[in-house]
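Chemist: To start, I am sharing the structure in question, which I have written as structure tokens.
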Amino acid sequence: MLRLLSTKRWLTWLLVATLWATICLVAGRWQWNRWQEKSTIQERIDTNYDARPVPFGDVLEDGRAPAKDDEWKQVRGTGTYLGDVRMVRNRPGPGGDFGYETVDIFAVDGIKVLVDRGWVTNGSSAAKPSSVPASPRGQVTVTGWVRPSEKSLGRPPVEGQLSSISTADAEKATGEQLVDGYVRMRTEAMPDGTTPPRPQALERPSQGMAAGINLSYAIQWWLGIVAGYAFVLMRARREYLDGLETADPASAGEVQAQKGATAARPKREKKRKQRIWDEEDE
């Protein structure tokens, strides 16, 4: 059989199986990495989302983006809004409707950071929201979750709006020096304990499809490597056994046994049913 596999035809098939194995290996590795990434994100949300809040300055600082482990960590601080409200357009809200998220600059712990206060619906023309609750004036205590700065979409600026919650875009639009990253607001409280009007709160982040499905896909791709080589070897073995049977008719029985072929079973003769009119004829 090794001699058969060394022929040009079967070497070509082995090459095809090797190419298929390479594809399966790469695809499986990609799915494996996706499983690890999703698992890490899910663990981070589970760990940080409802943990005890820490001061803004413990997590956010000038010149440094939030660490991966600090994403979705809760922060709390008392400061003031600058009142420079910006609308971030084309943002999905509850129920999948698109609208705007409202962001303002919050000065706290010696830094200035963007705070995403929530979501509002589109106006009649979708060019602007129907209404925007103003940020509270004076001292206010904000609790929220740390998020990394979003990627700039590079779109032409629109007065009072942002295409994404990009720190770089917000700095250009406002002229303020901001820390890298932003805070998604959870609650606000005035000094007397009252809660000021705010846009609609954003929902808890979806953790997406369970990470286990990517692990399942990775295993399936890697099993494809075995399946590819097994298919080629089984076809080669079948051809090899057919060749033995043709070359040596005397060994045909042995070859058939190797193929796992079973002798044809004699057909049972069906018993003829006796009908009433047959009995009458008799």
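Computed from the coordinates by the stated procedures, all read-outs in this text should not be read as laboratory data. If you're wondering where the values come from, they're calculated on a predicted model, not measured in any experiment. Heads up, the Cβs are rebuilt from the backbone with ideal geometry, glycines too, and the neighbour counts pull from every protein chain shown.
Chemist: Please state, to two decimals, what the Cα-based radius of gyration of segment 51-189 comes to when divided by 2.2 N^0.38 Å (N = residues).
Modeler: That ratio works out to 1.00.
Chemist: Using the Cβ atoms and a cut-off under 14 Å, what net charge is assigned to the surroundings of Ala230, where Lys and Arg are +1 and Asp and Glu are -1?
Modeler: After counting each charged neighbour, the total is +3.
Chemist: Within the set Lys38/Lys172; Lys38/Lys68; Lys68/Lys151; Lys73/Lys172; Lys68/Lys128, which residue pairs have Cα atoms separated by over 22 Å?
Modeler: Lys38/Lys172; Lys73/Lys172; Lys68/Lys128, as the Cα separations exceed 22 Å there.
Chemist: Would you be so kind as to identify which of Ala168, Ile111, Trp145 lies farthest towards the positive end of the dipole of segment 51-189, taking Lys and Arg as +1 and Asp and Glu as -1 on Cβ and the Cα centre as origin?
Modeler: Positive-end residue among those listed: Trp145.
Chemist: In the neighborhood of Arg117, defined by Cβ-to-Cβ distances under 12 Å, what is the net charge if each Lys or Arg adds +1 and each Asp or Glu adds -1?
Modeler: So the surrounding residues net to 0.
Chemist: To the nearest 0.05, how large is the calculated FRET efficiency for Arg137 and Asp62 if R₀ is 35 Å and r is the Cβ-Cβ distance?
Modeler: Result of the calculation: an efficiency of 0.90.
Chemist: Using the Karplus curve 6.51 cos²θ - 1.76 cosθ + 1.60 with θ = phi - 60°, work out ³J(HN,Hα) for each residue of segment 178-184 in order, rounded to whole Hz, and write x for Gly and Pro.
Modeler: Each residue's phi maps through the Karplus curve to give 10, 6, 6, x, 8, 10, 8 Hz.
Chemist: Further question: For the ranges 174-181, 70-77, what's the packing order if you count other beta-carbon atoms within 10 Å of each residue, average per peptide, and put the highest first?
Modeler: 70-77, 174-181
Chemist: Right, next: State, to one decimal in nm, how far the label point of Arg186 lies from the label point of Ala168, with both points 7 Å from Cα in the Cβ direction.
Modeler: Label at Arg186, label at Ala168, 3.1 nm between them.
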